[in-house]
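Taking it in order: structure first as structure tokens, then the write-up.
The values are calculated or read from the model by the stated rules, or taken from the named source; none is laboratory data. Not measured: the values here are computed from a predicted model. Counting neighbours? That spans all protein chains shown, and the Cβs are built from the backbone with ideal geometry, glycine included. Note: accessible area is taken over every heavy atom of the protein model, side chains too, but ligands, DNA and RNA are not part of it. Shrake-Rupley method; radii C 1.70, N 1.55, O 1.52, S 1.80 Å.
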Amino acid sequence: MGAHRLPARPGSDGLETSADALVELITALTRRQHEHRSVTASRLAAVTGSGLLPADLHEMGVYYLAKAHRDLGDSAASRQGMQLVAGGSGRLAPAARRGLAHLARLAGDFPTAYDTALTLGWAGRQHRVQGDILWPHGDMDRAAAAYLAARDQAEQHGVAGERVTSQAQRALVVAFTDPTVASDELDLAEQLPTGLDLRATSLTMRIAALVRDASTPRGIEVARNLRTETRDAGVTAAEAVLELALAFHHAVLGEQDKLRAVIDRLRDFARTDDYAYYADLAHYMGGLPLPGPSSARWLDGAEAVRARWQRLVQTRQADLGARG
């Protein structure tokens with residue numbers, strides 16, 4: 001059985017036949033890497049609301065609409081769509097369960113996210129989801145190992161897009177711990193053939209390079225262009241990770257005023273409490289006290305997370321001192 005139907009609006013937005021709806025679905029999915037996510041969401045909302053697609057294609061539209069909502073920071077709408085798809089037995093149900101794990105993570109509910117991740121298996125990309133949960137904890141070695149497992153599993157299954165996405169994420173987390181190795185990981189990510197235009201993954205690789213170059217003038221120049229591109233893409237997650245990379249840069253240099261400016265921007269991402277823990281991580285990097293209670297539920301407690309992020313900053317500072 002496919003996803004439950006959203007309320008239909010037959011004939012809306014110029015969609016009169018099933019063929020019209022199918023063409024618009026394909027067009028929206030094809031263009032989504034090139035358009036702002038709000039455009040994708042609008043097109044997919046029209047398609048899924050038309051009632052013109054068969055169940056399996058309707059489910060596809062609902063799933064990708066939920067992904068677009070998540071990218072735009074509308075977690076409530078994303079959760080509704082993911083739950084509809086996950087509640088069925090269609091082909092995209094495992095992916096929707098992964099989507100629900102991501103939403104729990106964005107809300108800072110890491111125990112729920114991790115417990116969900118353990119049930120996903122290959123179909124739900126379990127290893128990559130585990131990496132996504134571990135790296136905010138500052139647990140970069142375990143996150144890198146999870147992404148490596150995800151990459152290797154994707155290679156075994158011949159899924160090129162998943163392979164390069166996992167490798168890009170691995171490069172990002174390694175960039176926090178070892179800039180030299182990160183360069184090698186980025187080179188590998190860039191060489192992996194996909195035949196696909198993966199905009200969010202491309203942004204991840206460029207943010208990884210920024211983390212690798214943290215504390216250098218080159219890094220901060222790149223950040224200015226990246227901020228514009230992430231906003232143009234409408235991918236809130238990329239915007240938030242970019243600001244976190246800048247927080248790392250300023251923390252390493254001991255630029256507390258600039259770090260606080262980043263924290264203010266990170267708070268802007270937390271209007272619905274999603275991404276709220278990113279501001280916590282920036283505080284931890286700079287050794288700053290939190291202004292109030294944290295909403296995050298960490299796997300092993302806030303103090304362990306604080307200690308890991310401070311250690312990452314201190315290690316980079318020590319490396320700079322050794323080179324200087």
message: For the range 107-194, give me every one of the helices (runs of 4 or more DSSP H) that falls completely inside it and has 1 or more residues that are charged (D, E, K, R) and open to solvent by less than 50 Å² (accessible area, probe 1.4 Å).
response: 126-134, 140-157, 160-177, 179-191
query: Got at least one residue in the range 274-287 being open to solvent by 10 Å² or more (accessible area, probe 1.4 Å), modelled with pLDDT of 95 or more and not in a helix (DSSP H, G or I)?
result: yes
query: Take the residues of the range 262-273 that are free of Cβ contacts under 8 Å to residues at least 12 places away in the same chain and surrounded by fewer than 15 Cβ atoms within 10 Å (Cβ to Cβ): which is nearest to Val305 (Cα to Cα)?
result: Asp264
statement: All-but-one check, Ser42 against (1) free of Cβ contacts under 8 Å to residues at least 12 places away in the same chain; (2) open to solvent by less than 10 Å² (accessible area, probe 1.4 Å), failing number (2)
- request: Evaluate the following for Ala86: is it of a type in the set (A, V, I, L, M), open to solvent by 10 Å² or more (accessible area, probe 1.4 Å) and in contact (Cβ under 8 Å) with a residue 24 or more places away in the chain?
  value: no
- request: Please verify whether the range 297-304 includes one or more residues that are in a helix (DSSP H, G or I) and surrounded by 21 or more Cβ atoms within 10 Å (Cβ to Cβ).
  value: no
query: Quick one: what pairs do we get from the range 297-315, first residue closer than 11 Å to Gly287 by Cα, second open to solvent by 40 Å² or more (accessible area, probe 1.4 Å) and not hydroxyl-bearing (Ser, Thr, Tyr), C-beta under 9 Å, 6+ apart or different chains?
result: Arg306/Gly287; Gln310/Gly287; Val313/Gly287
- prompt: Taking the range 45-63, which residues are surrounded by fewer than 23 Cβ atoms within 10 Å (Cβ to Cβ) and not hydrophobic (A, V, I, L, M, F, W, C)?
  reply: Gly49, Gly51, Pro54, Asp56
- prompt: Quick one: how many residues across the range 149-175 are free of Cβ contacts under 8 Å to residues at least 24 places away in the same chain and under 25 Å from Tyr277 (Cα atoms)?
  reply: 0
Tally, over the range 195-225, of residues that are assigned to a helix (DSSP H, G or I), at pLDDT below 85 and either under 18 Å from the mean Cα position of the chain (by Cα) or among the acidic types (Asp, Glu) (or both): 4
- prompt: What residue, among those in the range 239-274 that are small (Gly, Ala, Ser) and more than 22 Å from the chain's Cα centre (by Cα), is farthest from Ala171 (Cα to Cα)?
  reply: Ala261
message: Being in contact with a helix residue (DSSP H, G or I) (Cβ under 8 Å, 6 or more places away or on another chain), in contact (Cβ under 8 Å) with a residue 40 or more places away in the chain, open to solvent by less than 30 Å² (accessible area, probe 1.4 Å) and farther than 27 Å from Leu198 by Cβ narrows it down to one residue among Val252, Val235; which is it?
response: Val252
